[in-house]
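Below is one structure, written out as structure tokens; comments come after it.
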Amino acid sequence: MKANDLSIMEKLVSLSKRRGFIFQSSEIYGGINSCYDYGPLGIELKKNIKELWWKAMIYERTDIEGIDTSILMHPRIWEASGHVEGFTDPLVDCKVCKNRFQADKINDMKKCPNCGGELTEPRNFNLMFKTFMGPVENVANIVYLRPETAQGIYVNFHNVREASRRRLPFGIAQIGKAFRNEITPGNFIFRTREFEQMEMQFFVNPAEDEQWFEYWKEERLKWFYRLGLKESRLRFHEHIPEELAHYAKKAFDIEYEFPFGWQEIEGIHNRTDFDLGRHQEYSTRDMRYYDDIKQEKYIPYIIETSVGCDRTLLTVLIDAYEEEEDRTVLRFAPAVAPIKVAVFPLVKRDTMPDIAQNIMDDIRGIFRVFYDESGSIGRRYRRMDEAGTPFCLTVDSQTLEDESVTVRYRDSMQQERINKSNIKKFLTRALN
């Protein structure tokens, strides 16, 4: 696949629907723009990505705690964070075709990029979804669907620190839904209005912020290698002063070379003491940390790592997609593959289906396994290649003689034989 081949997106959308990765939301009603549902293979792929992130952040470390905060929070939180006042995009409307555009993405501010019609003057559009809590719809009952998961972590800083008896430096990690009323979403699931974030906020002494920033920058790049992404299509982009968010002292994006160009897949930010300082100001609660070694109180600096689960899933799909002469294959890293192994009887006779079913029953509680006995063996292999399944096990006539099965490898299409009794050991080693 060529990085700049835009037709790859059309093919991925088609493959995603046909094989059950991603469906258009509310499709039978004509769909709803920029909202998607995950099918049987898609939800497995997404779950595997989230589990790998959680494992890297929580299980493999001793300095990060997990949390799950509410989507609906006190509206003052979004005033403190700056979202109510400043979380806006400039919006323009076409007076002719009525389409809306993000003003800073248009070259000619007077002409519609679609029809050439006259555009309205730009006006600020807040990206937060607004709703009401309770039976009465008035200003006093306004709440917002969270536009990011980070604020739930910040307001729980002391709760987590005290409950887990943590000392700085330590982090708090969260996976959860966020919502942004984007003006121009697009490129399939790259930019959507409802998405899932995987964020970790690392709280540090202000004197150590730069060393921790560099540390997390490198750690996060390594994680994408674990997903199997090609190193040549990953790079860092440093934010110049004009690009920096108001809260950031320093920021780097990890970018991936999509068919539509280099784009961000994760942000690493030095947020300084902005967030905890603002929440201290707006809530009047003391957000300082007492350092008993240095015997001083200070508001911690925060090193943030923020990655979109949906965007990462799209990245993994694109990176894995390959077209060969006689097959389409998704070369997922085994750790993220939705189906780990498929089990086939070569033919539906001579007890081969029974043996294959027994093998499947023996391993399905450990691995996500798929059973198939319909069609030629070549066609069944191709179906599993398209689903990204790394291994296929085939029961054949030799199995009846010596209890060995054929292992077929997705990437090389080579085959070898192993004894039935060694299947679990083989898969455990291969999938790790």
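The values are calculated or read from the model by the stated rules, or taken from the named source; none is laboratory data. Here the structure is a predicted model, which means the values were calculated and not measured. Reconstructed Cβ throughout: ideal geometry from the backbone, glycine too, with neighbour counts over all protein chains shown.
Couple of notes before you dig in:
- When the range 192-224 is filtered for residues that are aliphatic (A, V, I, L, M) and within 21 Å of residue 235 (Cβ to Cβ), the ones remaining, listed by number, are 198, 221.
- Filter pass, residue 176 being within 29 Å of residue 287 (Cβ to Cβ), in contact with a Ser or Thr (Cβ under 6 Å, 6 or more places away or on another chain), assigned to a helix (DSSP H, G or I) and assigned by TED's automatic domain parsing to the domain that holds residue 302: no
- All positions within the range 214-268 that are in contact with a strand residue (DSSP E or B) (Cβ under 6 Å, 6 or more places away or on another chain) and charged (D, E, K, R): 217, 220, 233, 235, 238, 249, 250, 253, 255, 264, 266
- Long-range neighbours under 8 Å by Cβ, at least six apart or interchain, first residue over 17 Å from residue 303 (Cβ atoms) and assigned by TED's automatic domain parsing to the domain that holds residue 308 within the range 49-67, second in a helix (DSSP H, G or I) and of a type in the set (D, E, K, R): 52/226
- Residues that are without any contact (Cβ under 8 Å) to a residue 60 or more places away in the chain and surrounded by 13 or more Cβ atoms within 10 Å (Cβ to Cβ) were ranked within the range 331-350; the one that is farthest from residue 412 (Cα to Cα) is 350.
- Test result for residue 227, closer than 19 Å to residue 61 by Cβ and among the aliphatic types (A, V, I, L, M): yes
- Number of residues in the range 152-194 that are among the basic types (Lys, Arg), within 20 Å of residue 129 (Cα to Cα) and without any contact (Cβ under 8 Å) to a residue 60 or more places away in the chain: the value is 1.
- Some residue of the range 221-235 being crowded, with 17+ Cβ neighbours inside 10 Å and among the charged types (D, E, K, R): no
- Of the residues making up the range 353-401, those that are among the charged types (D, E, K, R) and touching a residue at least 24 places away in the same chain (Cβ under 8 Å) are 362, 368, 372, 373, 380, 382, 385, 386, 396.
- Of all the residues in the range 297-319, those that are part of a helix (DSSP H, G or I), among the aliphatic types (A, V, I, L, M) and under 11 Å from the mean Cα position of the chain (by Cα) number 3.
- Considering (1) among the aromatic types (Phe, Trp, Tyr); (2) in the same structural domain as residue 235 (by TED's automatic domain parsing); (3) over 16 Å from residue 167 (Cβ atoms), the lone condition that residue 290 does not fulfil carries the number (3).
- Any hit, the range 58-67, residues being surrounded by 15 or more Cβ atoms within 10 Å (Cβ to Cβ) and touching a Gly at 6+ places or on another chain (Cβ under 6 Å): yes
- Filter result (assigned to a strand (DSSP E or B) and of a type in the set (A, V, I, L, M)) within the range 162-173: 172, 173
- Scan of the range 386-430 for residues that are within 31 Å of the chain's Cα centre (by Cα), assigned to a helix (DSSP H, G or I) and under 21 Å from residue 357 (Cα atoms), ordered by number: 387, 424, 425, 426, 427, 428
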